[in-house]
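See structure below.
The values are calculated or read from the model by the stated rules, or taken from the named source; none is laboratory data. Every value quoted in this text rests on a predicted model; they were computed, and no experiment measured them. All Cβ positions, even for glycine, are placed from backbone atoms using ideal geometry, and neighbour counts span all protein chains on display.
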Amino acid sequence: MIKAGIIGATGYAGGELVRILLGHKDVEIKWYGSKSYIDKKYSEIYQNMFELVEDVCLDDNMEKLADQVDVIFTATPQGFCASLLNEKILSQVKIVDLSADYRIKDVQTYEKWYGIEHKSPQFLEEAVYGLCEINREKIKQARLVANPGCYPTCSVLSVYPLAKEGLIDLSTLIIDAKSGTSGAGRGAKVANLYCEVNENIKAYGVASHRHTPEIEEQLSYASGESVVLNFTPHLVPMNRGILVTAYANLKRRIDENGCQVLPTEEEIREVYRKYYEKEKFVRFLNPGVCPETRWVEGSNYVDVNVRVDERTGRVIMMGAMDNLVKGAAGQAVQNMNLLFGLPEEEGLRLVPMFP
C-alpha cells in the first residue's frame, strides 16, 4: 500500500486528489496538509467527505511529514514547493508538484513570467515534466515530477502530433483556450464572484499568461525548433472544463508529380491515430465530432480532434478536458502510478459525468 500525503489538500486540486485517491485500491492517504485549516476536520471543510474522511488537517511542514509517506503531492501556490524542497526530502519520498515550480527548465524564464525568485533551481534539471503521454519512461525513473499546467496539458496534447511530425508551421500557431472558474483556485477574488462571472465570457492574460512559456517549451522539445506562439485564455461561467482551439498553417509537400500539395485530412488523422490509438486517456474522436467539455467532466480523458481547412491551407486542432482531473489531480495520480510501477489507469477509471 502506497502511503500518500497531500499539501494543499483544501484547495480545489487538493480536494480532487482526495476524491480520486480515496477510490484508489493501492493508496492510503496518511495526512492532509493545509496551512489555512490546521487542526480542523477535513470533512468540515468539504462536507462531501462527511463519514469518508475523519482526519484533521495538519500543517505544511514537508520535511517533518516526509518520513510518514512514500509520495507527497504539493497542490500549492507557485514558489511553495521550491522553497521547502531539499535533498533530504527527495531521498525519502517521491514528489509530485502540481505547481509550476519545476515545469520550466530555464530559471530566468520562470522568474520573469511568475514574478518570484526560484528557491531551489538545483532540482530543475532532474525534474521530469509529467505529461505521461510524452514522458512516460522518464517519469518511471523520477524522484521529482512537475505536474503540467491545465492549459498546457490540453494545448500540447491537441497540437503535439503535428508539431512532432513537422507538418505545421509553428510560427503561425495560435491557441485559443477557455476554462471554467475552478482553474483560478479557491481563494476569494472579486473577479471570480458569481455576479462577475455569470452570463459573461472574457479574455484575460492576453499576450502575458504565464502558461505561455510552458506550452512553448514543450512544443519546442517536440518539434526540435524554437517555438513562439500566441496563447489567449478566456474565463467562462462554468465550474470545470477546458476547451482548446488551435490554428496553424500546414506545411506543403512535393507530390509524385512535383507539385506542392497540402496533407489531406485523412493523412492528418492518420498521424493522430499513430500517436494516440494506444493511449488510455486521449480519445481521438470520429471525423466531424468536435470535443466538448461536458463529455469529459469528472474524468481523466482528453478528447481531441482535427479539421483541415483546404480553403485557407490551415489546420484546426481541438481538445477538451476537465481542468481539475487531467489538468491537475488526475494527471498527478497518473504520474504516481507510473512512479510506483502500477497500471497507469489505476484509480482513474472515472466515467465522465453527465449531466
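Kindly evaluate Glu117 against the criterion of being modelled with pLDDT of 95 or more, out of contact with any helix residue (DSSP H, G or I) (no Cβ under 7 Å at 6 or more places or on another chain) and of a type in the set (Asp, Glu). Break it down into steps so the answer makes sense when it comes.
Working: modelled with pLDDT of 95 or more: yes; out of contact with any helix residue (DSSP H, G or I) (no Cβ under 7 Å at 6 or more places or on another chain): no; of a type in the set (Asp, Glu): yes.
Spelling it out, it is not the case that Glu117 is modelled with pLDDT of 95 or more, out of contact with any helix residue (DSSP H, G or I) (no Cβ under 7 Å at 6 or more places or on another chain) and of a type in the set (Asp, Glu).
Looking at the stretch 123-164 only, could you name the residues that are assigned to a helix (DSSP H, G or I) and surrounded by fewer than 17 Cβ atoms within 10 Å (Cβ to Cβ)? Can you show your working first?
Step one: filter the stretch 123-164 for residues assigned to a helix (DSSP H, G or I), giving 123, 132-140, 150-164.
Result: Arg136, Glu137, Lys138, Lys140.
Going through the stretch 173-186 one residue at a time, which ones are surrounded by 15 or more Cβ atoms within 10 Å (Cβ to Cβ) and in a strand (DSSP E or B)?
Residues satisfying the conditions are Leu173, Ile175, Asp176, Ala177, Lys178, Ser179.
For every residue, the table says whether it meets (1) surrounded by 16 or more Cβ atoms within 10 Å (Cβ to Cβ); (2) part of a helix (DSSP H, G or I); (3) free of Cβ contacts under 8 Å to residues at least 12 places away in the same chain.
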residue: Leu170; (1), (2), (3): yes, no, no
residue: Ala188; (1), (2), (3): no, no, yes
residue: Ser208; (1), (2), (3): no, no, yes
residue: Glu217; (1), (2), (3): yes, yes, no
residue: Ala222; (1), (2), (3): yes, yes, no
residue: Val227; (1), (2), (3): yes, no, no
residue: Phe231; (1), (2), (3): yes, no, no
residue: His234; (1), (2), (3): no, no, no
residue: Pro237; (1), (2), (3): no, no, no
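Evaluate the stretch 105-122: report whether one residue or more is at positive phi, in a loop (DSSP other than H, G, I, E, B) and within 18 Å of the chain's Cα centre (by Cα). Walk me through it before giving the result.
Start the filter on the stretch 105-122 by keeping residues that are at positive phi, which leaves 115.
From what is left, the residues that are in a loop (DSSP other than H, G, I, E, B) are 115.
Narrowing further to those that are within 18 Å of the chain's Cα centre (by Cα): none.
No: zero hits.
Right, Glu44: within 22 Å of Leu350 (Cα to Cα) and either in a helix (DSSP H, G or I) or in the same structural domain as Leu85 (by TED's automatic domain parsing) (or both) or not? Before you say what the answer is, go through the steps one by one.
On the way: within 22 Å of Leu350 (Cα to Cα): no; either in a helix (DSSP H, G or I) or in the same structural domain as Leu85 (by TED's automatic domain parsing) (or both): yes.
Taking the combined requirement at face value, the residue does not satisfy it.
Of all strands (runs of 3 or more DSSP E) completely enclosed by the stretch 260-352, which ones contain at least 1 residues that are surrounded by 21 or more Cβ atoms within 10 Å (Cβ to Cβ) and over 20 Å from the mean Cα position of the chain (by Cα)?
302-309, 314-321
Run down Glu16, Glu63 and say which single residue is in a helix (DSSP H, G or I), among the acidic types (Asp, Glu), out of contact with any Cys (no Cβ under 9 Å at 6 or more places or on another chain) and farther than 27 Å from Val107 by Cα.
Working: Glu63 fails: farther than 27 Å from Val107 by Cα.
The match here is Glu16.
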